[in-house]
Structure formats: C-alpha cells, structure tokens
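The values are calculated or read from the model by the stated rules, or taken from the named source; none is laboratory data. None of the values given here were measured: they were computed from a predicted structure. Quick reminder, even Gly has a Cβ in these numbers, built from the backbone with ideal geometry, and neighbours come from all protein chains shown. Note: areas computed on protein heavy atoms with side chains; ligands, DNA, RNA excluded. Shrake-Rupley method; radii C 1.70, N 1.55, O 1.52, S 1.80 Å.
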Amino acid sequence: MNNKYKTLFEKVTLKNGVELKNKFALGPMTHISSHDDGTVSDAEIEYMRLRSKDVGLSISAASNVRDLGKAFPGQPSVVRDSDIEGLTRLADAMKENGAKAILQIHHGGAQAIPRLTPNSDSAGPSPITMQSFDETEPHEVREITEEEIIETIKAFGEATRRAAEAGFDGVEIHGANHYIIHQFVSPYFNKRTDKWGEDPFLFAMEIVDAVTKAKEKYAEDDFIIGYRFSPEEKETPGIRMETTKELIGKLVEKPIDYLHASLSEVHSKTREGKYKDIERIELLHQWIDDQIPLIGIGSVFTADQALRAIEEGNMEMIALGRVLLLDYNFISKIEEGREDEIFEYFDRDREDKYDLPELLWGQLDKGFYPMPKK
C-alpha cells in the first residue's frame, strides 16, 4: 500500500464503542432487485456480498417499513416477520468478510409510488403533487392521518426488531432525500397546523425514540443506530443549514452512534443564507463537535478523492456509492497498491456488466445513477 493512504485503513470507533475495521462504508443504493413482494432475491444477495467485502460498515438499500411507503420497484421490505428469513441471508452475506451490516429503514411518504402501494395510495405530511423515481406522470399525495403517523412511528420500531432478529448489526434511519422523515422537517412538504407541523422535528424524534426502545428491548448494547439526513434542499421554502444545525442539536442528545450526511458532492458548499459558500461538511463537523462520528458521501471515484474527503473534510468515514457499482475491488486495490487499476468510468459495453443485477444494470444504462465517462 502507498503510505499516504494508510489513514483510510485506520479503525473507527462508533459512539456505542463498536469498532470498524476501516474508514470506508458502503453507501445505501437503490438496486431495484428484490422480489416484487419485497423479499430478498439471490441477485440482491450476491450484489451486496461483493460490495460489502472490504468496507468497515455496509449499509443496505432503503427498506420500506410499511407497504404505504414503498417508493421503488424491487425495494426490499422489512414490513412483515415473514421478511426475516431473507433478511437473515442478506445480513450474513454483508457480514461475511468482517463488515458491520446495517439495514436502512425507510418510508417514501409523498414519494411512495401509487402503482406499488395498497389502493394506489400515497400520503405525506401535507397534500402535494409529486413525480417520483420512474414515474412518467406526477401523482397526487394526500395528507397522512394522525393514526397513520402513529402507525408509521411504530413501524420503524418493529423494523428495528426484525433487523435485530435477522442478525443485522444495526439500522440506519433514513431521514434524507425527500422521504417521509425529511418531509416532516421540510417547510416545503410540511404545512400542517397540528403538533406535527408546529414542531417539524417531532416526527423524526419520535422515530428515533421508537428505534431506541426497540433496540433496548430486542438487541444488545452493541447494536448500532445511525441517522441519515440531507443538510439542505433546493426547494423554497425548504430545509436550510440553519434548520440542520437545530436538527443536529437534537440528534446529538439521542443515543445515536453515527450521523450520515447525504450529499451529491462531498465538498459541496451551501446555497444561501448565513452560511453561504461554506462547505457543508465543515459546518456539520463544527456543529457535531466530535460528539458523534460523521459519515460523508458524494462523488468519490478515486483513492485521492477518498483521502481528501477524510483529511480535508475531517470526517470519521467516507461512504462509497457509485464507484462500488463500477468496481467492488476499489478498496482492496488501494490496500494492495493498485489504485491506478480502479475502474473510474462507466462503460456500457462492458461484457461483465460490472457484476450488477440485470435490473440495476438496465437502470444504469438509462442514466439512473450519473456516472463519469471517458
């Protein structure tokens, strides 16, 4: 290994004392490869086995906690106890080479696709018109009821129980990317006048509490709880960095073991307001103040980019997304001094199709995940 990359292979200790073997995480990526009913497929297991083999922390694709929240075709389910059998196989594959396996728990909210949900339904904090994932036309979203809000909070807790029973090392609460938890925080989506609108952080905090209680009841102390968030959104009115500062202040008081900032580019800068043109990661690290490890992600395709993200971003870990689709040996190539052999570009003529599930390959070929090209 080139000595300059040794930092990337240092161990990381999470807030609950769990030690990870290096600073790399597999970012959660939609693979659309589960069965139609959300049960785990063989193609999905092999895909996750290969992409998990060298990371310290492996995070699954977003797995829906309620049928009403299904936002992708081929999305994994953690809705029913009958899902546990397949999830156990998935956890075993992710942990096979020493990674800690994390199940990302998710609800699409307004972004749930009606053709995939019971009664062709879609519900979010407030009524809105949305176009999601592969939809050709927008769909109408109704306001989620108080009863459904309570059911959804409970569903995140039940999903945590199922993750523990399946042998996962933890869960990541998906509070990012315009899905239901993000939607309640955002003034663009949440225009409610009840308590769920008056306190935009209430829904998120109730879910964190439900997950924590499930851990206390069904899992060991070393069970990991992560929280993913989007620091800023382009919509107006929307989440701004001032909002995120307040959110982080609440999250660091909870028994959360890591925070995961969802970014398209790890060194991206803020759009506007008091903190305009400052790198988001810099602000996040300042506000977290070393209380919880921070994972960043976004447009890392080379060894040098990974190193810069850790050293200049002062992050504890870097999550890899698209590059592990292109080259699941990315990390081992760095460790073996073969970083110049990393596949950095998408080649649609690759005969092996990067060992990706056929459905995911088809989406890549359509540009679902923007990829660097020669």
Check: From Asp92, Asp67, which residue is touching a Pro at 6+ places or on another chain (Cβ under 6 Å) and open to solvent by 30 Å² or more (accessible area, probe 1.4 Å)?
Finding: Asp67
Item checked: Those residues of segment 283-299 which are outside any strand (DSSP E or B), among the hydrophobic types (A, V, I, L, M, F, W, C) and under 16 Å from Ser230 (Cβ atoms), in sequence order -> Leu283, Leu284, Trp287, Ile288
Margin query: Pull out all pairs, ordered by first then second residue, where Cβ-Cβ is under 6 Å, the residues are six or more apart or on different chains, the first lies in segment 331-358 and is without any contact (Cβ under 8 Å) to a residue 40 or more places away in the chain, and the second is outside any helix (DSSP H, G or I) and open to solvent by less than 70 Å² (accessible area, probe 1.4 Å).
Written below: Lys333/Ile342; Phe343/Asp327; Tyr345/Pro372; Phe346/Met371
Note to self: Could you tell me how many of the residues in segment 259-316 are of a type in the set (S, T, N, Q), more than 25 Å from Ile173 (Cβ to Cβ) and touching an Asp or Glu at 6+ places or on another chain (Cβ under 8 Å)?
What the structure shows: 1
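Would you call Ser132 of a type in the set (Ser, Thr, Tyr), crowded, with 22+ Cβ neighbours inside 10 Å and in a loop (DSSP other than H, G, I, E, B)? Talk me through it step by step, then tell me what you get.
On the way: of a type in the set (Ser, Thr, Tyr): yes; crowded, with 22+ Cβ neighbours inside 10 Å: no; in a loop (DSSP other than H, G, I, E, B): yes.
Against the criterion (of a type in the set (Ser, Thr, Tyr), crowded, with 22+ Cβ neighbours inside 10 Å and in a loop (DSSP other than H, G, I, E, B)), Ser132 does not qualify.
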Item checked: Every residue from segment 231-280 that is open to solvent by 70 Å² or more (accessible area, probe 1.4 Å) and closer than 23 Å to Met371 by Cα -> Lys234, Ser264, Lys269
Check: How about segment 357-374: which of its residues are surrounded by 10 or more Cβ atoms within 10 Å (Cβ to Cβ) and part of a loop (DSSP other than H, G, I, E, B)?
Finding: Pro357, Phe368, Tyr369, Pro370, Met371, Pro372
Next item on the list: Give segment 311-354 a look and list any residue that's in a loop (DSSP other than H, G, I, E, B) and on the phi > 0 side of the Ramachandran plot, or say none.
Entry: Asn314, Gly337
Checklist line | Answer residue from segment 307-354, given it is open to solvent by 70 Å² or more (accessible area, probe 1.4 Å) and within 24 Å of Ile45 (Cβ to Cβ) and is farthest from the chain's Cα centre (by Cα) among those | finding: Glu351
Next item on the list: State all residues of segment 1-44 that are among the aliphatic types (A, V, I, L, M) and either in contact with a Phe, Trp or Tyr (Cβ under 7 Å, 6 or more places away or on another chain) or open to solvent by less than 10 Å² (accessible area, probe 1.4 Å) (or both); if no residue qualifies, say none.
Entry: Leu8, Val12, Leu14, Leu20, Ala25, Leu26, Ile32
Next item on the list: Please verify whether segment 54-65 includes one or more residues that are over 30 Å from Gln305 (Cα atoms), modelled with pLDDT of 95 or more and either part of a loop (DSSP other than H, G, I, E, B) or not aromatic (Phe, Trp, Tyr) (or both).
Entry: yes
Note to self: Let me confirm something: among Pro118, Pro73, Pro114, Pro127, which residue is surrounded by fewer than 21 Cβ atoms within 10 Å (Cβ to Cβ) and under 17 Å from Phe184 (Cα atoms)?
What the structure shows: Pro127
Notebook entry, point to check: Is it fair to say Glu232 is within 27 Å of Phe72 (Cα to Cα) and either part of a strand (DSSP E or B) or in contact with a Gly (Cβ under 6 Å, 6 or more places away or on another chain) (or both)?
Noted result: no
Next item on the list: Pick out, from segment 151-223, the helices (runs of 4 or more DSSP H) lying fully within it that include 3 or more residues that are surrounded by fewer than 24 Cβ atoms within 10 Å (Cβ to Cβ) and of a type in the set (D, E, K, R).
Entry: 202-218
